[in-house]
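One structure below.
The numbers here are math on the coordinates, done by the rules we state, and not lab data. Keep in mind that this is a model prediction, so the values were computed, not measured. Note that we place each Cβ from the backbone using ideal geometry, even for glycine, and neighbour counts take in every protein chain shown.
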């Protein structure tokens, strides 16, 4: 929906998602204490979300290639950790780019990718012998998992901080409510459908990523896994860009045009994410933490505080 931006006479390709995030970040960091915390909250949220992309890719590639490992200089690195490092090395050149226009357009295919993943999983369940019978041996409600489930849903629905900037960037602002309703309806359809399929196909054995439960020798499984890996990684550099801009702004302005400085800062930033991904390799818990701590703060607590401030 952010693709609907005004033409300001710039002939270069627009980067709608990037502009939205950057504008929100810049405004948040200069407008008082509450806005500062809102901006800082958004940056940390993006940092954790992009770290989750590395974990997601490492998990799924390891499920496809379980025998892959790195052995060098007397050091052995297990398969999942190896893939996290390999993915980070592949993504680093993208992070070093200043113009991410092409990634903004590619990331717009996320809706199609979500439908393809859902269709592939349905295919595996219906045609590849997995079936939909696990619900008979699994309790419908697990009270112990409620806090984690709520946190995960909070993470999935916490786009509120970018709504004002998204609205102002739209050329046809009267379509904002329709775009918002369509986005939430589509997201809810995907989330609910995936939850139902996971429950029916695997019951209590379902992993934090349903793709980890799929039989890797099936074509449908491979399609779902590869799309699950590729889609977040395409968005990685785009989502990390506001974090990069904020990090670089901490240093004196004389370094802003120094190419070596930018390379070092961005390489160190990606390296820290690799360290976090290796230290906290549980995708579900990382996303739950982001949803409960950062998502709830940015989408519920801070807006309520702002309302109390102006009322």
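Given R₀ = 25 Å, what would the calculated FRET efficiency be for residue 263 paired with residue 40, taking r from the Cβ atoms and rounding to 0.05? The computed FRET efficiency comes out at 0.50. Sorting 98, 45, 128 by the number of Cβ atoms found within 10 Å of their own Cβ, with the fewest placed first, yields 98, 128, 45.
At 0.36 nm per residue, minus the direct Cα-Cα distance, what do residue 68 and residue 172 gain on full extension? Give it in nm, one decimal, please.
Details: separation 104, 0.36 × 104 = 37.44 nm, distance 5.01 nm.
Difference between extended and current length: 32.4 nm.
The protection proxy used here, the mean number of other Cβ atoms lying within 10 Å of each residue, ranks peptides 89-95, 258-264 as follows, highest first: 89-95, 258-264. Taking label points 7 Å from Cα along the Cα-to-Cβ direction, residue 187 and residue 157 give a separation of 0.9 nm. Each label point was placed 7 Å from the Cα along the Cα-to-Cβ direction; for residue 255 and residue 77 their separation is 2.5 nm. Ranked by the mean number of other Cβ atoms within 10 Å of their residues, highest first, the peptides 76-86, 52-62 fall in the order 52-62, 76-86.
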